[in-house]
Amino acid sequence: MFRPAAREVVKLPTRYFSCKSEPTRAVTATKKASREEIAGLIPAFPEIYPDFLQSPVWNRRNALKEELERQDMLERRMNIDIPEFYVGSIVAVTSSDKNLGSKEHRFVGICIRREKEGLLHQFTLRNTIENIGVEVLYDLYNPTIKKIETLKLEKRLDSDLSYLVDALPEYSTFDFHMEPQAHPAGTPIPVNECKVKLKNPPWTRRWEISSYRGIDDTWTQATPWYKRKLHKTLVNDYEKYDLIANYRTSSTKEQEVFVQTQMQKFEKERHAAGLTRRRILKSAASYK
Amino acid sequence: MLRSLISSATTGPTQEWAGRILLANSGYISQQRGRRRTLTPVPWLPPIKEHIPKNSFDLSQKTKNLLDDVIKKETLAASALARNDSQETNVAIIDIPHSSRRVGLVVRKIGMLPQWTNDGNRILCTVLEVDENHVVSVTSPDSWYKASAVGKRKAFNRHGPMWRVTVGAGNDDPTKYTLAYRRQFARAGVPTKEKLGCFLVTEDALPHAGQPLDARHFAVGQHVTATGKTIDWGFQGGMHRWGMRGQPTRRTTKSHRRIGSVGSVGDARIWPGKRMPGHMGYEWRTVSGLEIVRINNDKQVIYVKGSVPGDIGETLLLKDCLQDEKRLKSGPVPTWAPTLETIQEESELSPEEIVVPKNLLFNETFSSKLFRFTSPSIVFTDADAKRATGRDKTKAKIAKVKK
């Protein structure tokens, strides 16, 4: 009788499809997650490492360019500890500035935006200093950044907190001497379900027709002029009918697994060479 | 001139477009609206690509596999032959005279990446891939100008007679191309190429047909000229096409992005050349004076500071810059070859600094001012701070008392 080789028996199906509507995947979701974790992969990879994703512009995806870029990014991560943080986390950044007396500057604020992929990745911190809202945009891979600390690891209801610019200042006021709050390893990232109160209109953007969950009742505050003029239709209301929107703009599961294995390989090589003990691929929620 | 040469070689004419042009030239239509885009190859040139329907031959799977195998081996053999051949050629790093013109490279733009300098400044770089470049043919000035649309003055200009060197980039499946197209590669002994580009080269820097070209043809710190096809934006308004300011957002209706007045009262007409909305892009453009900041020798990738014409994935011609201050003073002539490879000396590093073993890194050359991601974060000292120029204007001017 024909018996397959042992190698073939243990072979796992490595091909996942990122289509959310796929019923088989939804059923075996818990099982698959555990299998990923056995391989050292992180289920929440796109949230923790948005800089390692592919560009949403398909024209800009090039395997060679991504490989060179990833090499630079990983080299940088060997020299600086970039912690896990999300939009809504409170982050402190210490960067060198040659024109300051102390030659370095520390800024503390809430992360309100994380955008772009690869070496171009940027994040914005917001704080209120002397009653003036200050937003500082940092390049994540800028070599003048000396230290990044996550003072409070949490998420908010939205993945973009741009509306804090029109919120009352107490929602974006953080103490510069804030003590870092440790996140217990292996527990899920807490979601701060705080809903912010906006200032009176006019606003920088039309928040009342946007679909942000973290804003407390915008419609009553909108000016009567807008209420008369406009329907209560959300800006991107039609997007829910776009069945492949996720596929078009985000990277695929296959790509995520590939990037993670590359990161693991890089880590292993550096550890073997005795250069560092730093781990690049890690997650606070799935820590073992 | 180069434009006509390139357009004749790079892509084959599409059938429907060729038909339209011929119809326009047949005499019944007197006027052609718009400009003829000269990047579209002229219809009378022979086609390059040949489409053979898959089912026209009844090949068995075994034969198909054999055919694929033969093609693969032929490509490999041709590459290896060209590489061996280049070991024997005479190349040297010498001073380049002012009148000399070297060959260039045919590269592909694969994206844009930020890099940082040691001062902490960000520079946005274009990443260019040099994909299997080989010299396909070298034509003497007499023979090339007679067969082309351009005149004798291009071949015998004030810098002396110019040879035409055709460079091919990117190996491709030869079954996709016509016999006439494939023959030129067979003659040079190189694999069939996807893209071709021509350069005008003086006799003292002439490579031979079949010679492979490397990314190290250019050096880090050198300035280059990039030539290529710009993005085809289609019909665009004055604000995008010419950078006009447009008109106010408020208190105007239906003319927020219009160009405004187009003429004066005197002679009631519009002057020729008035900037107006129209077709933007899809033109042959050159940008010169771009600095090379980093070269990856393993992956044959060149990082150029600044932007080059065209979209990602487009093919460009990369040449030495001819601006006086940015001209290449000395370099490999006619081109770089493995015989010029030197073992890099270990640079002096402080003992506490961690050195990453070379086998873990790409073989790369960096500009001295570029930050390397393997080094630790930048820390500034007082010496880096900007010096105040002149006296402190916040303080009152006090006359010095002579003693």
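The values are calculated or read from the model by the stated rules, or taken from the named source; none is laboratory data. Keep in mind that what you see is a predicted model, and the values were worked out from it rather than measured. Note that each Cβ is placed from the backbone with ideal geometry, even for glycine, and that neighbours are counted across all protein chains shown.
Quick rundown of the values:
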item: Filtered residues of the range A:164-219 (kept if among the charged types (D, E, K, R), in contact with a helix residue (DSSP H, G or I) (Cβ under 6 Å, 6 or more places away or on another chain) and surrounded by 14 or more Cβ atoms within 10 Å (Cβ to Cβ)); result: none
item: Selected residue (only one of A:T276, A:T252, A:T220 is under 20 Å from A:G40 (Cα atoms) and more than 14 Å from chain B (Cβ to nearest Cβ)); result: A:T252
item: Filter result for B:T117 (over 17 Å from B:H217 (Cβ atoms), within 14 Å of another protein chain (Cβ to nearest Cβ), touching a residue at least 24 places away in the same chain (Cβ under 8 Å) and surrounded by fewer than 20 Cβ atoms within 10 Å (Cβ to Cβ)); result: yes
item: Of residues in the range A:70-90 being within 9 Å of another protein chain (Cβ to nearest Cβ) and of a type in the set (A, V, I, L, M), the one nearest to A:K265 (Cα to Cα); result: A:L74
item: Counted residues, the range A:80-104 - those being over 17 Å from A:D139 (Cβ atoms), outside any strand (DSSP E or B) and not hydroxyl-bearing (S, T, Y); result: 6
item: Members of the range B:279-306 that are polar (S, T, N, Q) and either under 22 Å from A:E67 (Cβ atoms) or within 14 Å of another protein chain (Cβ to nearest Cβ) (or both); result: B:N296, B:N297, B:Q300
item: Filter result (surrounded by 11 or more Cβ atoms within 10 Å (Cβ to Cβ) and farther than 16 Å from B:Y177 by Cβ) within the range B:45-67; result: B:L59, B:T63, B:K64, B:N65, B:L66
item: Cβ-Cβ under 8 Å pairs, at least 6 apart or on other chains, the range B:382-394 side within 9 Å of chain A (Cβ to nearest Cβ), far side assigned to a loop (DSSP other than H, G, I, E, B) and of a type outside the set (K, R); result: B:D384/B:D119; B:A385/A:N99; B:K386/A:N99
item: Subset of the range A:129-180 [more than 28 Å from A:R76 (Cβ to Cβ) and among the β-branched types (V, I, T)]; result: A:I129, A:I132, A:V165, A:T173
item: Matching residues, the range A:142-157, being surrounded by fewer than 18 Cβ atoms within 10 Å (Cβ to Cβ) and under 11 Å from A:G214 (Cα atoms); result: A:L157
item: Residue within the range A:195-202 that is hydrophobic (A, V, I, L, M, F, W, C), within 25 Å of A:V108 (Cα to Cα), assigned to a loop (DSSP other than H, G, I, E, B) and at pLDDT 90 or above present; result: no
item: Unique match (being modelled with pLDDT under 90 and buried (at least 17 other Cβ atoms within 10 Å of the Cβ)) among A:A285, A:A273, A:A245; result: A:A285
item: Single condition B:G210 does not satisfy, out of (1) in a loop (DSSP other than H, G, I, E, B); (2) among the small types (G, A, S); (3) free of Cβ contacts under 8 Å to residues at least 24 places away in the same chain; result: (3)
item: From B:G221, B:G260, B:G228, B:G266, residue being under 19 Å from B:T126 (Cα atoms) and either out of contact with any Ser or Thr (no Cβ under 8 Å at 6 or more places or on another chain) or not in a strand (DSSP E or B) (or both); result: B:G221
item: Residue under evaluation A:A44, criteria (1) in contact with a strand residue (DSSP E or B) (Cβ under 7 Å, 6 or more places away or on another chain); (2) at pLDDT below 95; (3) hydrophobic (A, V, I, L, M, F, W, C), criterion not met; result: (1)
item: Tally, over the range B:237-285, of residues that are surrounded by 15 or more Cβ atoms within 10 Å (Cβ to Cβ) and among the hydroxyl-bearing types (S, T, Y); result: 1
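Per-residue answers, yes or no, for (1) within 14 Å of chain B (Cβ to nearest Cβ); (2) closer than 26 Å to A:Q54 by Cβ; (3) touching a residue at least 12 places away in the same chain (Cβ under 8 Å):
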{"residue": "A:A92", "(1), (2), (3)": "no, no, yes"}
{"residue": "A:I110", "(1), (2), (3)": "no, no, yes"}
{"residue": "A:Q122", "(1), (2), (3)": "yes, yes, yes"}
{"residue": "A:E130", "(1), (2), (3)": "no, no, no"}
